[in-house]
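Structure first, commentary second.
No lab work stands behind these numbers, since they all come straight from the coordinates. This is a predicted model, so every value here is computed, not measured. Please note: Cβ atoms are built from the backbone with ideal geometry, for glycine as well, and neighbour counts cover all protein chains shown.
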């Protein structure tokens, strides 16, 4: 009997030695949730830019540098979103693997101030969200090959969930006439969403929330909104809503609610996961068009 107990104890100890919890740092809250859902209990995730935070204007500090120094894996969006990240990684002394979640995304660009700029907000298409999860899953397995089976079980189930979410979103917009699929938001964060679900978004600010619209650009946008018959406007949880409210007041557009394009809500809120935020965005936009 003692031998059986000893054998069981040794077996459990061996499993414990194999099992590993990866310490993962994600650049912002949306990515952090995708990593957590993909990795399940095999990952411990911390996001540098937390809920309701703006990844464009984030300024890292000593605490963030220390966090990166202890990480096994760092997950970033790429596509020019985290302009502050290279300096932070260098300052932290991080020697591990940096995973670019957007690898393989079919990007698109916009013209801003005479320059061609890549849109970094690829996750706002659920199909791209699934691609992010695939890239993250592959990186987690590479960092922890002993847990490949468990990681695949969790990660592939989540990827399927996001693929289903993409199909659901397309079905929600299908009955809406194309001429009604137009909304006003604070900045150009919904380019991939618009292309995936055939929605036109107008915004006073460019791809980065740091950009500022001139008086001439605002006047031109107001004229376009009136001409296009845009009836609904939305605030974004991570941005100051004053400018979009001023434009809406000048056009007669009606408030449609709050969107979560690049930051989750605080835990317990209506958009505290990537899937919930995406579903919320689709639902309020569709409701504004009915």
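Counting neighbouring Cβ atoms within 10 Å and putting the fewest first, the residues 37, 156 line up as 156, 37.
Among 113, 72, 86, what is the fewest-to-most ranking by other Cβ atoms within 10 Å? Present the calculation step by step, with values, prior to reporting the outcome.
Details: 113 7, 72 18, 86 11.
Ranking 113, 72, 86 by Cβ neighbours within 10 Å, fewest first, gives 113, 86, 72.
Using every pair of alpha-carbon atoms in the chain, split the distances into 5 Å bins beginning at 0 and state the percent of pairs per bin, rounded to integers. Values per bin, smallest distances first: 1, 5, 11, 15, 17, 15, 12, 8, 6, 4, 2, 1, 1, 1, 1, 0, 0.
In degrees from 0 to 90, rounded to the nearest 10, what is the angle of the helix 242-251 Cα long axis to the longest principal axis of the chain? So the helix axis and the longest Cα principal axis differ by about 40 degrees. What whole-number distance in Å separates the alpha-carbon centres of segment 85-126 and segment 32-57? Segment 85-126 and segment 32-57 have Cα centres spaced 16 Å from each other. Look at 276, 152 and count the other Cβ atoms within 10 Å of each Cβ; fewest to most, that gives 152, 276.
Compute the relative contact order of the chain as a whole-number percentage, counting only Cα pairs closer than 8 Å that sit 6 or more residues apart in sequence.
Numbers: 492 pairs, mean separation 50.8, N = 290.
About 18 percent, as a whole number.
Sequence-distant contacts, meaning Cα pairs under 8 Å at least 6 residues apart, place the relative contact order of segment 11-168 at 25 percent.
Kirkwood hydrodynamic radius of segment 236-282 from all distinct Cα pairs, in Å? The partial results should precede the final answer.
Details: mean 1/r = 0.0859 Å⁻¹.
For segment 236-282, the Kirkwood estimate is 11.6 Å.
Using a Förster radius of 30 Å, what is the FRET efficiency between residue 66 and residue 86 based on their Cβ-Cβ separation? Nearest 0.05, please.
Here the calculated transfer efficiency is 0.95.
Using Cα springs under 10 Å in a Gaussian network model of the chain, which residue among 139, 127, 215 shows the largest mean-square fluctuation? Ranking 139, 127, 215 by mean-square fluctuation puts 215 first. Averaging 1/r across all pairs of distinct Cα atoms in segment 210-290 and inverting the result yields a Kirkwood radius of 13.8 Å. In segment 102-137, whose amide N lies under 16 Å from the spot 7 Å out along Cα-to-Cβ of residue 148? List them in ranges. Answer for this model: 137. Expressed in units of 2.2 N^0.38 Å, where N is the residue count, the Cα radius of gyration of segment 11-168 is 1.08. Suppose we keep just the DSSP beta bridges with both residues in the chain; what percent of those would be antiparallel, to 5? About 15 percent, rounded to the nearest 5.
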